[in-house]
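S.K.: Before we start, here is the structure in question, set down as structure tokens.
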Amino acid sequence: MSANEDLEEASNNMMMYCAACGIAGADDIKLKKCTACYLVRYCSVKCQKEHRPKHKKECKKRAAEIHDEILFKQPECGDLGDCPICCIPLSIDAQKSILMACCCKMVCVGCNIANQKREVQESMENKCPFCRHPAPYNEKEVKINLMRRIEVNDPAAMRQMGQYCYYEGDHRGAFEYFSKGAELGNAGAHYLLASLYDKGEGVKKDEKKEVFHLEQAAIGGNPFARNNLANFETLNGRDDRAVKHCIIAAKLGHDDALESLKNVYGKGHISKEDFAAALRGHQAAVNATKSPAREAAEAFYQRQEKQQS
């Protein structure tokens, strides 16, 4: 038996007994794991408190390892996910998708413009391309629709309403909506909440809470939060962690993260293999968001801009 197998067997044996008193788990004795490190179990809160001084150092070390394992895991996709109509990944460029206030679905510009063209050609009423709810006529109706979604605990609606509050100068209101959205797991809300803690708008400046929410957003697949974490680690002299963040963000299609990797590659801070993998991942992420309908929509917007200029 190898050393690793011996350690694994010993760890499994430890999980069968209370780490403080040594009593074995049974039908009438339920052992609960240490929720920070998951290495040991306890039969009671009293045993956990008594064993804390002996376990504290090992617990913190393992908890930090678990935290990094989760933090530096490459997300399968960005936090925006796929367009619910064409089922193609949404671009991280905010100009290439739109949030429908009626259902709070993020729809790509390709599907939105295609729907609008069809409605004009067939003289149809302007409706949401996803849920077919009549389109709002003004910002007041948009907010009414958002409040309906907020009443059913839609985190995307909370994030959007928070943004309205922020742009109107109500930073405290923005903080409350972002906080509610973050509690429901919305990565975008976590990212915006981190920004408030950074600037001290609507809440007292707090770097620890800023980093916490950036990490939650990054774990949820937000590449902008991931890039901010890379900058934070660089400022604190932790270049190896910064590179890890940049690699993950680049593979989600973030251009600035890729540029950062180009710079550190020139300084020898990233291997050729890792840099090449990041380049391929970035290109794959960008290509995955392309479609004929989206290209047609972009061409449509470009024609409008030329006409207006």
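The values are calculated or read from the model by the stated rules, or taken from the named source; none is laboratory data. Computed from a predicted structure; not experimentally measured. Here the Cβ positions follow ideal geometry from the backbone for every residue, glycine too, while neighbour counts run over all protein chains shown. Remember, those area values only see protein heavy atoms, side chains included, never the ligands or the DNA or RNA. Shrake-Rupley method; radii C 1.70, N 1.55, O 1.52, S 1.80 Å.
S.K.: Evaluated at 25 °C with a viscosity of 0.890 mPa s, what Stokes-Einstein diffusion coefficient in µm²/s does region 64-109 have when Rh comes from the Kirkwood expression over alpha-carbon pairs?
M.R.: 201
S.K.: A further question on this structure: Could you put His213, His133 in order of accessible surface area, largest first, with the 1.4 Å probe and the full protein assembly present?
M.R.: Listed by decreasing accessible area, they come as His133, His213.
S.K.: Among Ile113, Ser97, Cys87, flag the residue with its Cα farthest along the positive direction of the charge dipole of region 66-150, charges on Cβ as +1 for Lys/Arg and -1 for Asp/Glu.
M.R.: Result: Ile113, furthest along the dipole toward the positive end.
S.K.: How do His67, His51, His269 rank by accessible surface area computed with a 1.4 Å probe, from largest to smallest?
M.R.: His269, His67, His51
S.K.: What does the charge count near Pro134 come to, summing +1 for each Lys or Arg and -1 for each Asp or Glu among other residues with Cβ under 12 Å from its Cβ?
M.R.: Cβ neighbours under 12 Å give a net charge of -1.
S.K.: A further question follows. Give the long-range amide H neighbours of Ser97: residues separated by 5 or more places, or on another chain, with amide H under 5 Å away, using H modelled in the peptide plane at 1.01 Å from N.
M.R.: Amide H neighbours of Ser97, under 5 Å, 5+ apart: Val109.
S.K.: Which of Ala257, Asn138, Gln48 sits closest to the plus end of the dipole of the chain, meaning its Cα is farthest towards the positive end, when Lys and Arg get +1 and Asp and Glu get -1 on the C-beta?
M.R.: The Cα lying farthest towards the positive end belongs to Gln48.
S.K.: Still on this structure, please answer the following. With the dipole of region 168-309 worked out from charges on the C-beta (+1 for Lys and Arg, -1 for Asp and Glu) around the Cα centre, which of His171, Phe224, Pro292 lies farthest toward the positive end?
M.R.: Pro292
S.K.: State the extension gain, in nm to one decimal, for the chain segment bounded by Lys117 and Lys272, taking 0.36 nm per residue of separation less the distance between their alpha-carbons.
M.R.: Length gained between Lys117 and Lys272: 51.1 nm.
S.K.: Cα convex hull of region 188-274: how many Å³ per residue?
M.R.: Given the Cα convex hull of region 188-274, per-residue volume reads 85 Å³.
S.K.: Taking only complete DSSP H runs, can you tell me which helices of the chain stretch 20 Å or more along their own long axis by Cα positions and average at least -0.5 on the Kyte-Doolittle scale?
M.R.: 272-288
S.K.: Here's something else I'd like to know. So for the pair Lys32, Arg303, with labels modelled 7 Å out along Cα→Cβ, what separation do we get in nm?
M.R.: Each label point is offset 7 Å from its Cα along the Cβ direction, giving 6.5 nm.
S.K.: While we're here: Round to the nearest 10 and report in Å² the accessible area of Arg149, as given by a 1.4 Å probe over the protein chains' heavy atoms.
M.R.: So the heavy atoms of Arg149 present about 70 Å² to solvent.
S.K.: Continuing with this model, one more query. Using helices alone, I'd like the mean residue ellipticity at 222 nm for the chain: each DSSP H run of four-plus residues gives -39500 (n - 2.57), total over residue count, nearest 500.
M.R.: Theoretical 222 nm ellipticity from helices: -20000 deg cm²/dmol.
S.K.: I've got another one for you. With only alpha-carbon atoms in the gyration tensor, what are the semi-axes of the equivalent ellipsoid for the chain, in Å, largest first?
M.R.: Each semi-axis is the square root of five times an eigenvalue, giving 44, 26, 20 Å.
S.K.: In addition: What do you reckon, how do Met100, Met124 stack up by accessible area (1.4 Å probe), largest on top?
M.R.: Met124, Met100
S.K.: Please find the FRET efficiency linking Leu279 to Asn138, where r is the Cβ-Cβ separation and R0 is fixed at 45 Å, and quote it to the nearest 0.05.
M.R.: With R0 = 45 Å, the Cβ-Cβ based efficiency is 0.50.
S.K.: If you don't mind, another one. Note down the magnitude of the dipole of region 164-301 about its Cα centre, charges +1 on Lys and Arg C-beta and -1 on Asp and Glu C-beta and zero elsewhere, to the nearest 20 debye.
M.R.: So the dipole magnitude of region 164-301 works out to roughly 320 debye.
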